[in-house]
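The values are calculated or read from the model by the stated rules, or taken from the named source; none is laboratory data. These figures come from a predicted structure and were not determined experimentally. Virtual Cβ from ideal backbone geometry, glycine too; neighbours counted across all protein chains shown. The area values use the complete protein model at the heavy-atom level, side chains included, leaving out ligands, DNA and RNA. Shrake-Rupley method; radii C 1.70, N 1.55, O 1.52, S 1.80 Å.
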Amino acid sequence: MKALLSSKPVLWFLFLFNLVVAAVAPFVVDGAQGVATAVGMGIVSLGAGSALLKGCKEGQHAA
């Protein structure tokens, strides 16, 4: 299961989808719930983005 979640297509989907939701959530959902949604999705997006960058750096060292 871990290999599936750490594959590049899944990480790109998580990064882009959560980034879009984080950007749109405060405008769609009012109040604190919209802000909390944006923060939560932003954290997930940053995590996926950092995993993508980590994979790129590890791939360069392995070659």
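Write out, first by first residue and then by second, each pair whose Cβ atoms fall under 6 Å of each other, whose residues are 6+ apart or on separate chains, and whose first residue, in segment 4-33, is touching a residue at least 40 places away in the same chain (Cβ under 8 Å) while the second is open to solvent by less than 100 Å² (accessible area, probe 1.4 Å) and among the hydrophobic types (A, V, I, L, M, F, W, C).
Every condition considered, the pairs that remain are Leu11/Ala48; Leu11/Ala51; Leu11/Leu52.
Give me the helices (runs of 4 or more DSSP H) completely within the chain, filtered to those with at least 1 residues that are among the acidic types (Asp, Glu) and either out of contact with any Pro (no Cβ under 9 Å at 6 or more places or on another chain) or modelled with pLDDT of 95 or more (or both), ordered by residue number.
The helices (runs of 4 or more DSSP H) meeting that bar are 31-62.
Across segment 33-51, what is the total count of residues that are farther than 12 Å from Ala23 by Cα and not aliphatic (A, V, I, L, M)?
Residues flagged as farther than 12 Å from Ala23 by Cα and not aliphatic (A, V, I, L, M) within segment 33-51 amount to 4.
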